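The values are calculated or read from the model by the stated rules, or taken from the named source; none is laboratory data. The structure presented is a predicted model; accordingly, all values stated were derived computationally and were not measured. Ideal geometry is used to build each Cβ from the backbone, glycine not excepted, and the neighbour counts take in all protein chains shown. To get the accessible areas, we keep the full protein, side chains included, count just its heavy atoms, and leave off ligands, DNA and RNA. Shrake-Rupley method; radii C 1.70, N 1.55, O 1.52, S 1.80 Å.
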Amino acid sequence: MPRVFFALWPDADAASRLHTIARCWHEVLGGRVMREDSLHATLAFVGDVAPQRLPDLRAVAAGIRLPGMPLAFDRGGCWRHNQIAYLGLRETPDALRCLWSALAAGLRAADFSIETRPFSPHITLLRKANCLAFDAATEKENPATEPVVWSVRDFVLVMSSISANGSRYEQIGAWPLL
Ligand code: ATP
Ligand code: MG
């Protein structure tokens, strides 16, 4: 069964800047640097779906008519419980929260079960990171000096499959924001 999720995908320039930050953090935090072409912010993790349900999933996405927005990833952090070092947002714009809640509501209405945790937009930069080193290096402050900004113009559906060196992602759909 395909394992899928909806996400925001940085443009090439933003991905390159994110990857530069990831390599810099890696020097201090160790762990595993996410591939440049896999960097993303998850909007809704759907998980395993039967292939015949994919059209329903696409219909939910196609029903969303919302504006795009600029996003500024300007807040570094490291979660100890899962050893993920990430870049998040100091402020979540209303337009992003609106997109997230519209997608979640559409998915639930179409009988897809998605998580009920609060929205925590972020881009994972490192896995198995040493978060103690992060705190020591940054005094828990934001280590990223310049925000990574990109103009979000669409959202994508991604299929995730396991490979020898971590998960591999393939975009299987994209829907424009207005
Ligand atoms: P791996 O699981 O192999 O370490 P991964 O977490 O990048 O790799 P997936 O597990 O397929 O790959 O997850 C895809 C995306 O969805 C990631 O951004 C992940 O953080 C997020 N995700 C995974 N599981 C959940 C979940 N239960 N709830 C919310 N988001 C999730
Ligand atoms: Mg995972």
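For residues that are within 12 Å of ligand 1 (Cβ to nearest atom) and at pLDDT 95 or above, scanning just region 162-173, find the one that is most open to solvent (accessible area, probe 1.4 Å).
Per the criteria, the residue is Glu170.
Could you identify the single residue in Arg3, Arg75, Arg65 that is touching a Lys or Arg at 6+ places or on another chain (Cβ under 8 Å), surrounded by fewer than 19 Cβ atoms within 10 Å (Cβ to Cβ) and touching a residue at least 60 places away in the same chain (Cβ under 8 Å)?
Arg75
Scan region 29-52 residue by residue and report those that are buried (at least 16 other Cβ atoms within 10 Å of the Cβ) and more than 16 Å from ligand 1 (Cβ to nearest atom).
Scanning region 29-52 gives a single hit, Leu29.
Mind counting the residues in region 3-51 that are among the aliphatic types (A, V, I, L, M), in contact with a Leu (Cβ under 7 Å, 6 or more places away or on another chain) and part of a helix (DSSP H, G or I)?
Here the count works out to 5.
So in region 118-134, with the set limited to residues that are outside any loop (DSSP other than H, G, I, E, B), touching a residue at least 60 places away in the same chain (Cβ under 8 Å) and aliphatic (A, V, I, L, M), which one is farthest from Trp100 (Cα to Cα)?
It comes out as Ala133.
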